[in-house]
Amino acid sequence: MGYVLLQAVAVVSEGLECFGGAGYLEDTGIPHLLRDTQVLPIWEGTTNILSLDALRAISKSQGQCLRAYHEDVTQRVSAMDDNEDLKHSAIFVKQAASDIVSFAEHNMEKLELAAREFSYSLARVYIGMYI
């Protein structure tokens with residue numbers, strides 16, 4: 001697919017040049033086409049790709065990696081249960097981890113639409129263990 005997208009950019013760019021200076025005028029609509037084709041190859045940036053990779057790992061492991069994530073978070077945060085200053089934060093982080101797992105289990109068909117936000121949530125909870 002990447003080659004097709006790059007080819008589209010080359011074709012539209014060549015078309016723009018065929019019109020000479022007029023091809024660069026906004027009135028022709030050609031610059032708009034060029035901008036539209038250029039956005040396609042960069043649409044899925046690094047965070048989008050990593051988010052989709054996280055979903056693939058969850059799917060491929062049939063949710064085992066997500067359960068391992070939850071277990072790891074819960075175990076690490078449980079060490080804070082005895083500390084009165086951190087107890088409230090520990091409860092919050094554990095609940096957030098449980099909410100993420102629950103969301104994933106009940107919304108697998110919708111998860112790809114929220115892949116980036118879902119991955120950020122995983123990261124925020126993990127970071128929350130150390131703050």
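Values computed for the structure shown
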read-out	value
Extension reserve of the Ala123-Gln7 stretch, reckoned as 0.36 nm per residue once the Cα distance is removed	38.2 nm
DSSP-loop GluC sites (Glu not before Pro) across region 91-131, with at most 15 other Cβ within 10 angstrom	Glu109
Added length on full extension, which subtracts the Cα-Cα distance from 0.36 nm per residue, Ile91 to Val39	14.5 nm
Value at 222 nm in deg cm²/dmol, rounded to 500, when DSSP H runs of n ≥ 4 in the chain each add -39,500 (n - 2.57)	-23500 deg cm²/dmol
The chain: DSSP helices with Cα axial extent of at least 27 Å and average Kyte-Doolittle hydropathy no lower than 0.0	87-106
Förster radius 25 Å - calculated FRET efficiency between Leu25 and Leu52 (Cβ-Cβ, nearest 0.05)	0.05
Positive-end residue of Gly15, Ala90, Ser119, charge dipole of the chain with Cβ unit charges	Ala90
Structure-derived Cα extents along the principal axes in Å: which label, when the choices are (i) 73, 32, 19; (ii) 58, 27, 22; (iii) 81, 34, 21	(i)
At most 14 other Cβ within 10 Å, DSSP loop - trypsin sites (Lys or Arg not before Pro), region 1-110	Lys110
Loop-resident sites, region 4-112, for chymotrypsin sites (Phe, Trp or Tyr not before Pro), counting at most 15 other Cβ within 10 Å (DSSP)	Phe19, Trp43
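Only the coordinates and a few stated rules stand behind these numbers; no lab work does. Since this is a predicted model, take the numbers as computed values, not measurements. Heads up, the Cβs are rebuilt from the backbone with ideal geometry, glycines too, and the neighbour counts pull from every protein chain shown.
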